[in-house]
Structure formats: structure tokens, C-alpha cells
Amino acid sequence: MKRLVVIDGKSVFYRGYYAMPGLSMADGTPTGGVYGFVSLAIELIKKLEPDYVAVAWDKRGTNIRKRRELYPEYKAGRKPAPDDFYQQIPILHELLDAFGWPLYEIDDYEADDIMGAFARQAEARGIETCLITSDLDALQLISPMTKVYAMKNGLRNIEEFTSEYFEEKYGIKVELIQAGTGELFKKLESEKEAPVADVIFGGSYTQYATHGELFENYVSPENENVIKEYQNTTGYSTPYTLDGSVLIVNPDLTKGMNIEGYSDLIKPELKGKIATADPANSSSAFAQLTNMLQAEGGYTDEKAWTYVKDLFTLIDGKIGSSSSGVYKAVADGEMAVGLSYEDPAVKLLNDGANIKVVYPKEGTVFLPASAAIIKNAKNKENAKKFIDFIISQDVQDTLGTTTTNRPVRKDAKTSENMKPIEKIKVLTEDYDYVIKNKSDIVKKYNEIFTDIQSKQ
């Protein structure tokens, strides 16, 4: 079978640019981005042995034109790359010509659009496609004929995302059904008398904790290697990744400010410059709310709720419609600080964005994504092997070094932009309390927010 490799050019180029800022030729011409490309090219030639290679690129000035016609604010605050970034592009063109690799940049299309089009056209022609990118949105393109590889530990290594590793290790064929977590849980409810699936993975601890009747009891032998606070204590729900509440900071807009935690956000100069989503409608924003309550004294502590009131007064009614809008606003220079979560923040760092990720000095709450065996599963023994697999050493190391999801295993490796958990002050969520009292917490927040708005 022929193999096509499509590289997300700008993503790789950015990594090289920011990883090697001082790299240049004798005449001072910068070459960091080009060096990064060379490093990756050598790696993929060795590893993938492609028959064809193409590079997808965001065409400067036109790639988002159609999107702006539909939504004028799309990436409106994004700053252009520095001049020395664009100085390297002619050198990249020479490199690609030497390799015989065409660069595709098309008016009105972003690189991910081009990559998706290549993948589907190649599949129709019986050609296997390998997508090289740091954008995990590409995972939705995975199929028997399309694989996604993420850049690992900087520039030189790439790691495959596929179910085939599990299949090869255990000789068990995997059929993956992808959908939103809420949709999947509804599907489990409707099929509980005769389940189609054997395992569900992904989704928050609350979704599993409130649907215990849908799952089989199973505690993996690997459970003892998981960080104590995130071990399987329900008997059926196995955490396998963590995501924590962080502050994402734009250094250009916070010069002279020392932002190390929640207390440092209560500054008059930050009024209207703090980005957040709505805790009543966003799971990440709600996690930030419970995190800051824990950090400031507890879920019912009046001092903690006073802090919430002070903070949202400074937020000045600028509540984002989605969690993605928060970190994008900070990265694009529209807002100075964002109440975000670790996964996208680290991804921005990996992509070379001009941001800092701050783990609040008062403490960070990490919430687990879980997996469980479905009640009356037809392939229960194989399902147990899958649970063991996702918290095994190999898989946890891969998650920690190739994705922006933090592993749960004590000794798992993590990427250079993910701060070691032992260097972070960690707060533990009282899961039972939050599950039982979520509506009350949201109600109190809404009352505070409404009161603030009425006085402005």
C-alpha cells in the first residue's frame, strides 16, 4: 500500500522558530524554523518511509477570509508572526524543493482544511495517510486508512495515535465509536439491557459518579501505580488522564505585574482584561470556580465567596461563550489573563504562543478523565485488558510526552512544557460534595453575578 505523509507546516515551523531563537547562518539570517523542519523530516523519513509527502500551510492574508465573512471577529486579535519568521520561508521553500515535497497553500483554506481534504481523497484512492501535527483536533480524521502523529518532546520525535497498538499487543480487534460524552452516556442508557459497547472512556468524574448503575466493578492491578488521589475508589471508574485549572497569562499585557495565583488577579489595572467562560454553562469555568473556592477557604466559606465577587467585579461582565474563547483571547493579545485549564494552555506553549502558564500558588485542582467497563459487556475480559492498558507504563508515558493530557501514573513521563506535578501545589476536590451541591454552587455564583451587573 502506498503511503502519503501530510505535514502541518506552520505548526512544525513555529516549533523550530521558538525552540531555536538564536540559530542563524553566518550572515545573521535566522534558521531556527528551518532547522526544526529538517529535524522532523529526517525522523519521518526513517520512521514512516513515505511514498509521497506534502506540506500544508496557512496562506498569509487569505486563509481565514471566508471565516471572517461569516464571523468578523474570527482571530481578530491575533498578532502577525515576527518579521524574522517570514524571512525564513524562502529558505524553507528551497528545502522542500530539495526534498521534492510540494507546499500547498490555498486562498480561503487553513492548513487543517487542506490536511483533511488530502486524507479523504487519498483514502478514496486506497492510499494510507499519515498526518503530522500538534493540533489534536485532527484526531477526528483517524480511520483505518488515516493516522495522526503528534510531535513529541520538541521536534525530533513523533508518536502515533491509533488503536492498533492495543490490537497488536493483545490480538484484540477494536472498534471505536466517537461522539460527545453526553451523547455516549445517553447511548449507554438506551442500550443498558443489551449494550453494544464494552468500554467507555473520556468524560468527567461527575458523569461516572452519577451513573454508577451503568458500569461493572473492576479495579485494575495497575491501580496501585496511580497517584493516590486519583486511584479508582468507586470500584468501577478508572481515571487515566488529568486536567488542572491554570491561569494563562499574556506577558506583553501584564508587564510589571507579578501574577502567581488568584490573589494577584485582584488588581484595578486588570479590570475588563480577565477572560473566563460562564461557570453555569462551562465545565472548565465551573472547575475554576470550585478551584478558587477551595484555594480561598472552602466551598461554603464566606471569605472565598467574597473573593469570587471581587474577581467577577473585575471581569466586568466579559463572560466568554466557550472555554476555547478564553485561551484564544489571551494568546491573541485581546485579554491579559484567562481562567483556563492545562490541556489547551500547554498546547499553546508547544505551538510557540507568547503566553505563560501559571499554576496558582494557592493550589491547583486536577480533575480526572475516566474509563469504565459497561454493565453486561459481552467482552468483559477483553475490556479489563483495555482498562489495564490505558494506565500501563507505556501508554501513560506516551500520553504524557505526546499529548497535552497529564497522565495519572506516579512515574509517568511528561513533556517539557508540562510542569511536574511534584512541583505544583495540588488541592483535592471534594467530589462527593461538588456532585451533590453543584446546583447550589451555580445558584450562588449566579446571584453574585446578577448583583454585580445590576450595580454597573
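The values are calculated or read from the model by the stated rules, or taken from the named source; none is laboratory data. No experiment lies behind these values; they were computed from the predicted model shown. All Cβ positions, even for glycine, are placed from backbone atoms using ideal geometry, and neighbour counts span all protein chains on display.
For the range 1-56, a tally of residues being part of a strand (DSSP E or B) and free of Cβ contacts under 8 Å to residues at least 60 places away in the same chain returns 4. All conditions in (1) touching a helix residue (DSSP H, G or I) at 6+ places or on another chain (Cβ under 9 Å); (2) surrounded by fewer than 17 Cβ atoms within 10 Å (Cβ to Cβ) hold for Glu302, with the sole exception of (1).
Within the range 405-424, one or more residues are of a type in the set (A, V, I, L, M, F, W, C) and over 30 Å from Tyr170 (Cβ atoms).
Condition check ((1) touching a helix residue (DSSP H, G or I) at 6+ places or on another chain (Cβ under 8 Å); (2) over 30 Å from Glu193 (Cβ atoms); (3) among the small types (Gly, Ala, Ser)) across all residues:
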| residue | (1), (2), (3) |
| --- | --- |
| Pro344 | yes, yes, no |
| Lys356 | no, yes, no |
| Ile373 | yes, no, no |
| Asn376 | no, no, no |
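Only a single item in (1) within 17 Å of Val246 (Cα to Cα); (2) modelled with pLDDT of 90 or more is not met by Lys347, and it is number (2). Of the numbered criteria (1) aliphatic (A, V, I, L, M); (2) part of a loop (DSSP other than H, G, I, E, B); (3) in contact (Cβ under 8 Å) with a residue 24 or more places away in the chain, the one Val326 fails is (2). Within the range 393-416, track down each residue that is closer than 17 Å to Tyr359 by Cβ, at pLDDT below 90 and of a type in the set (S, T, N, Q). Across the range 393-416, the qualifying residues are Thr404, Asn405, Ser415.
So which of Ala285, Ala304 ends up being under 30 Å from Asp432 (Cβ atoms), over 26 Å from the mean Cα position of the chain (by Cα), not basic (Lys, Arg) and not in a loop (DSSP other than H, G, I, E, B)? Outline the logic, then answer.
Numbers: Ala285 fails: over 26 Å from the mean Cα position of the chain (by Cα).
Exactly one residue qualifies, and that residue is Ala304.
Scanning the range 238-261 for residues being crowded, with 23+ Cβ neighbours inside 10 Å and over 19 Å from the mean Cα position of the chain (by Cα) gives a total of 1. The residues listed here are Lys173, Lys186, Lys192, Lys147; of these, the one that is in the same structural domain as Phe13 (by TED's automatic domain parsing) and either modelled with pLDDT of 70 or more or under 19 Å from the mean Cα position of the chain (by Cα) (or both) is Lys147. Which residue out of Val38, Val34, Val53 is assigned by TED's automatic domain parsing to the domain that holds Asp113 and under 15 Å from Met115 (Cβ atoms)? None of the others qualify; the one that does is Val53.
Could you tell me whether Gly333 is surrounded by fewer than 17 Cβ atoms within 10 Å (Cβ to Cβ) and under 27 Å from Pro268 (Cβ atoms)? Even if it seems obvious, please write down each step before you answer.
Values: surrounded by fewer than 17 Cβ atoms within 10 Å (Cβ to Cβ): yes; under 27 Å from Pro268 (Cβ atoms): yes.
Answer is yes for this residue.
Just so you know, in the range 104-113 the residues that are modelled with pLDDT under 90 and at negative phi include one that is surrounded by the most Cβ atoms within 10 Å (Cβ to Cβ), and it is Ala111.
A single member of Gln140, Gln121 is modelled with pLDDT of 90 or more, surrounded by fewer than 17 Cβ atoms within 10 Å (Cβ to Cβ) and in the same structural domain as Gly36 (by TED's automatic domain parsing), and it is Gln121.
For the range 272-294, the criterion of a residue being of a type outside the set (A, V, I, L, M, F, W, C), buried (at least 23 other Cβ atoms within 10 Å of the Cβ), out of contact with any Ser or Thr (no Cβ under 7 Å at 6 or more places or on another chain) and within 19 Å of Ile259 (Cβ to Cβ) is satisfied by at least one position. Pairs needed: first member in the range 350-377, in contact (Cβ under 8 Å) with a residue 40 or more places away in the chain and closer than 17 Å to Tyr431 by Cβ; second member anywhere, part of a loop (DSSP other than H, G, I, E, B) and among the aliphatic types (A, V, I, L, M); C-beta distance under 8 Å; at least 6 residues apart or different chains. Listed by first residue and then by second, the contacts come to Thr364/Ile424; Pro368/Val408.
Glu43 fulfils the conditions (1) at pLDDT 80 or above; (2) surrounded by 16 or more Cβ atoms within 10 Å (Cβ to Cβ); (3) within 27 Å of Arg125 (Cβ to Cβ) except for a single criterion, (1).
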